[in-house]
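I have placed the structure first, in the form of structure tokens, so that the comments after it can refer back to it.
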Amino acid sequence: MTLHRPLIIDVAGLELTAADRRRLAHPLVGGMILFKRNWQDRAQLQQLCAAIKAVRADLLICVDHEGGRVQRFQTDGFTHLPPMRALGQRWPQDGNGRQALQALELASAAGYVLGSELRACGVDFSFTPVLDLDWTQDDASRSSVIGDRSLGRDPGVVALLAKSLAQGLQQAGMAHCGKHFPGHGFVQADSHTDIPVDPRPLAAILQDDAAPYGWLAPQLASVMPAHVIYPEVDSRPAGFSRIWLQDVLRAQLGFDGAIFSDDLSMEGARRLDGQSISYTDAALAALQAGCDLALLCNQSLGDGQALDGLLDGLAQAQAQARWQPSAASEERRQALLPRSPATPWAALPQQRAYQWARQQLARL
């Protein structure tokens, strides 16, 4: 039987319940995502991560930890990371000279601190960097959900800074994820609560918002598509579109890493082809379109029926041959797991690379 663990789920609290352990042990679960509700302090986080790994050592422990307003852990010694816009603002307008080098150093430092601190607590992976362009620089009415999470408006600058940030993460032993392909910055609507539509043609998107993905494709470990509809390309959101994921991202741009769906509980993922769909159908649509991993967040709260329904539904779809596991997808998932031991938290202040990175960030 082909092994493929495509589901990334969540847990409700500060420690695992029996239901959490049962779900994490399910053969279709490949990892989990942490939120602020899973955080009390570093000791508690380390214990929670250790308990998750005790269920199965190859579970990928993920978090959205970008910096700025999207940083899940901010106390008990965690460095307050700047929003990505702060890095982009350090890029000189002429793009040359020592200021450009300093901006790249700051991005690398941010990646190293981010990755080192998370790994010291047992977290494997963060969904960063954001590759969306900051269109608010041209039009203040553009995407507020992206805003200062973006490295900038210029796709070349975004790509260079993101590459440096990813190199910092890699130095800390952490893989990375470019998001939200092919670009969420142009649309005003928030896909958490709405279904955004970007009316531009494919050529315009590839020339601008999607350009960083083409330039960075050989280096990107993973990509997360947007819950945005680009009707000139496909009637389905990018995360459910074979055109975007297979024809454009893989075939045209040459990306060969892992593809995560964005959160399937978001409003932008709950309607497909004009119809409301279940979490199981959303996961199937994402996997059939070309996602390797399907992410469902915040459904462990309460009785967790939605999570159990997804686990049962995908298992049934597999038994009925409505979904075929992919060995290549599983290989991509496992490639995101850390390959080197983490530096313990107590040893970080004595580590020269960490000292240098903290000093760089102190300049912001």
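For this structure, a couple of remarks:
- Residue count for the range 257-298 satisfying the condition of being surrounded by fewer than 24 Cβ atoms within 10 Å (Cβ to Cβ), closer than 18 Å to Leu3 by Cα, touching a strand residue (DSSP E or B) at 6+ places or on another chain (Cβ under 9 Å) and not aliphatic (A, V, I, L, M): 2.
- Answer residue from the range 229-250, given it is within 26 Å of Gly30 (Cα to Cα) and of a type in the set (Gly, Ala, Ser) and is surrounded by the most Cβ atoms within 10 Å (Cβ to Cβ) among those: Gly239
- When the range 309-355 is filtered for residues that are closer than 19 Å to Leu264 by Cβ, of a type in the set (Gly, Ala, Ser) and in contact with a Phe, Trp or Tyr (Cβ under 8 Å, 6 or more places away or on another chain), the ones remaining, listed by number, are Gly309, Gly313, Ala317.
- Close Cβ contacts (under 6 Å, 6 or more residues apart or on different chains) running from residues in the range 324-343 that are in contact (Cβ under 8 Å) with a residue 60 or more places away in the chain to residues that are surrounded by fewer than 16 Cβ atoms within 10 Å (Cβ to Cβ) and hydrophobic (A, V, I, L, M, F, W, C) comprise Glu330/Leu3.
- Residue list for the range 153-177, restricted to those being assigned to a loop (DSSP other than H, G, I, E, B) and farther than 11 Å from Pro129 by Cβ: Arg153, Asp154, Ala172, Gly173, Met174, Ala175
- Ala57, sole failed condition from (1) under 25 Å from Gln170 (Cβ atoms); (2) in contact (Cβ under 8 Å) with a residue 12 or more places away in the chain; (3) not in a helix (DSSP H, G or I): (2)
- Residues that are of a type in the set (D, E, K, R) and closer than 20 Å to Phe127 by Cα, drawn from the range 243-301: Arg250, Asp256, Asp262, Asp263, Glu267, Asp292
- In this structure, Leu87 does not qualify as surrounded by 20 or more Cβ atoms within 10 Å (Cβ to Cβ) and farther than 26 Å from Trp356 by Cα.
None of the figures in this text is laboratory data; all of them are computed from the coordinates on show. The shown structure was predicted, so the numbers you read here are calculated from the model rather than taken from an experiment. Positions of Cβ are backbone-derived with ideal geometry, glycine not excepted, and every protein chain shown enters the neighbour counts.
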